[in-house]
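Shown next, in structure tokens, is the structure this report addresses.
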Amino acid sequence: MAQSMERSFIAAGSIEEAVASRMVGAVVLAGGTWLMRDPLRGVELPEAVVTLHRIPFLSEVIIDADHMVIGAGVTHEALGKALRGIAGFEALVGAAEGAANPGIRRVATIGGNLCSIDFAEADLAPALLACGAAVELETTSGAKRIDIADFLNDRRALLEQAILTKILLRRDLIASAHIRLPLRKAGDYPVAIVSMALDADKCCRIAVGSVEPVARRWTALEQAFAGEPGGFPRDAERAAALAAEHNDFQGRDGTEAEGWYRLQVLPVLVKRGVAALRATEGLA
Ligand SMILES: Cc1cc2nc3c(=O)[nH]c(=O)nc-3n(C[C@H](O)[C@H](O)[C@H](O)COP(=O)(O)OP(=O)(O)OC[C@H]3O[C@@H](n4cnc5c(N)ncnc54)[C@H](O)[C@@H]3O)c2cc1C
């Protein structure tokens with residue numbers, strides 16, 4: 001589908017139309033809460049945008065016994081409402097309901113959060129890493145499913161040719177937690193985030209956001225937890241001590257905090273995370 005990309009606004013009626021628009025240079029506009037602030041970051045607004053709101057499946061959350069599928073166009077507000085009270089997904093609810101402010105959460109989407117490439121502070125990225133998500137992209141050659149970690153690392157190249165359509169999760173978690181540290185007040189970006197999720201085998205995935213440029217799993221700490229008697233730290237203090245011992249992050253300097261500070265707060269966030277997991281799981 002050839003279209004002129006001069007100052008155009010396309011409300012795609014199908015995912016195929018949206019991908020075709022993307023292939024000729026249109027930029028996806030979801031909630032616009034990140035994109036519309038491009039000029040503040042010294043980036044020009046795009047000449048052509050394609051919106052996805054007319055494609056119904058992108059705004060759906062499907063929850064069945066074993067799996068969950070979240071459309072990329074689901075807003076933070078809708079995500080929090082859909083998942084509240086579902087065992088194991090406390091981290092996603094915490095990320096969706098703790099980010100930004102009510103006005104932003106009403107329009108900002110999960111897809112926009114994951115596709116804002118130079119946005120280290122994204123709340124949903126570590127929460128989805130901890131929960132073991134995969135994502136689905138729509139490309140000209142069909143749907144492509146990849147692990148969330150690979151997506152986060154390679155998304156600049158992937159999104160040149162694709163649109164994020166779905167986030168997929170297994171329902172094998174018994175508890176999760178999302179601990180964020182904003183510096184001053186609600187609405188601030190978090191200076192550091194620790195998300196954790198525990199499955200029925202006591203296997204704990206831990207992810208860190210906002211400390212390095214891209215959120216990532218804290219595998220050294222996951223292994224340290226697994227090496228504890230019973231496969232999990234006996235209490236939150238022990239978890240914090242392990243976090244201090246296995247801190248292998250390179251803190252990024254930023255306007256709201258320097259790198260050393262982001263590293264320094266991680267053990268405290270781990271301590272709160274383990275306390276939250278134990279409380280949710282009934283072990284406190
Ligand atoms: C005052 C304020 C406070 C904020 N606080 C927080 C916070 O505490 N935590 C946090 O995580 N975020 C925060 N944000 C950032 C922002 O709101 C989120 O990152 C938001 O989720 C972006 O979603 P959106 O739908 O508005 O994306 P948009 O701005 O529409 O898009 C963002 C980027 O993603 C691309 N994109 C969007 N959807 C897709 C898709 N399906 N496929 C391919 N590319 C896509 C767009 O082309 C664009 O490059 C804040 C923003 C503001 C303005």
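Distance from the C-alpha centroid of the range 161-195 to that of the range 33-47: 23 Å, rounded to the whole angstrom.
Simple rule: put +1 on each Lys or Arg Cβ and -1 on each Asp or Glu Cβ in the chain, find the dipole, and look at L152, L168, V274; the Cα lying farthest toward the positive end is V274. Each residue of the range 142-151 was assigned a 3J(HN,Hα) from its phi angle through the Karplus expression (A = 6.51, B = -1.76, C = 1.60, θ = phi - 60°), giving x, 7, 9, 10, 9, 5, 4, 5, 5, 4 Hz with x at Gly and Pro.
With the whole protein complex present, F249 retains an accessible surface near 10 Å², based on a 1.4 Å probe.
Convert 20 °C to kelvin, take the viscosity as 1.002 mPa s, use the Kirkwood radius over C-alpha pairs of the chain as Rh, and evaluate the Stokes-Einstein diffusion coefficient in µm²/s, rounded to a whole number.
Working: Rh = 19.3 Å.
Using the Kirkwood radius from Cα pairs, D works out to 111 µm²/s.
How compact is the range 131-243 by the rule of thumb for globular proteins, expressed as Cα Rg over 2.2 N^0.38 Å? Could the numbers behind the result be given before it?
Values: Rg = 16.5 Å, N = 113, 2.2 N^0.38 = 13.3 Å.
Computed over Cα atoms of the range 131-243, the ratio equals 1.24.
Over every pair of different alpha-carbon atoms in the range 8-170, take the mean of 1/r and invert it; report that Kirkwood radius in Å. Numbers along the way, then the final one.
On the way: mean 1/r = 0.0631 Å⁻¹.
For the range 8-170, inverting the mean 1/r across all distinct Cα pairs yields 15.9 Å.
Pairs of Cα atoms nearer than 8 Å and 6+ residues apart set the relative contact order; for the chain it is 15 percent.
Of all the options I193, I15, I206, the one that moves most in a Gaussian network model of the chain with Cα springs shorter than 10 angstrom is I15.
Residue by residue, the range 15-29 carries 3J(HN,Hα) couplings of 5, 5, 5, 5, 5, 4, 5, 4, 5, 9, x, 5, 9, 5, 10 Hz when phi is fed to the Karplus relation 6.51 cos²θ - 1.76 cosθ + 1.60 (θ = phi - 60°); x denotes Gly or Pro. For C203, the accessible area of its heavy atoms, probed at 1.4 Å with every protein chain present, is near 70 square angstrom. Mean-square fluctuations from a GNM of the chain, with a 10 angstrom spring cutoff on Cα atoms, peak among L183, L137, L169 at L183.
Taking amide H as placed 1.01 Å from N in the peptide plane, the amide H of V50 sits under 5 Å from that of I10, V27, V28, L29, each at least 5 places away or on another chain.
Close amide H pairs (under 5 Å, H built 1.01 Å from N) link A108 with H76, residues at least 5 positions away or on another chain. For the range 132-184, the Kirkwood hydrodynamic radius from C-alpha pairs, put into Stokes-Einstein at 4 °C and a viscosity of 1.567 mPa s, yields a diffusion coefficient of 100 µm² per second. Distance between the 7 Å Cα→Cβ label points at V24 and V61: 3.6 nm. Using a simple spin-label model with pseudo-atoms 7 Å out from Cα toward Cβ, R252 and E212 lie 1.1 nm apart. The stretch between A200 and R54, if pulled fully straight at 0.36 nm per residue, gains 48.7 nm over its current Cα-Cα span.
Modelled label positions at R41 and D147, each set 7 Å beyond Cα in the direction of Cβ, lie 2.6 nm from each other. Applied to the range 195-208, the Karplus parametrisation 6.51 cos²θ - 1.76 cosθ + 1.60 on θ = phi - 60° returns per-residue 3J(HN,Hα) values of 10, 9, 9, 10, 9, 5, 8, 6, 7, 10, 9, 10, 10, 10 Hz, with x for Gly and Pro.
For the range 193-284, which GluC sites (Glu not before Pro) pass both filters: DSSP loop (anything but H, G, I, E, B) and at most 16 other C-beta atoms within 10 Å? Could the numbers behind the result be given before it?
On the way: sites: E222, E237, E245, E256, E258, E281; in loops: E256, E258.
Hits after loop and neighbour filter: E256, E258.
Calculate, for R238 and A157, the FRET efficiency according to 1/(1 + (r/R0)^6) with r their C-beta to C-beta distance and R0 41 Å; round to the nearest 0.05. Kindly include the intermediate steps, with their values, before the conclusion.
Working: r = 41 Å, r/R0 = 1.00.
That gives a FRET efficiency of 0.50.
For the set D188, D248, solvent exposure ranked by accessible area (probe 1.4 Å, protein chains only) runs largest to smallest as D248, D188.
The values are calculated or read from the model by the stated rules, or taken from the named source; none is laboratory data. Remember, predicted model here, so these are calculated numbers, not experimental data. Heads up, the Cβs are rebuilt from the backbone with ideal geometry, glycines too, and the neighbour counts pull from every protein chain shown. Side chains are part of the model used for accessible areas, which takes the heavy atoms of the whole protein and leaves out ligands, DNA and RNA. Shrake-Rupley method; radii C 1.70, N 1.55, O 1.52, S 1.80 Å.
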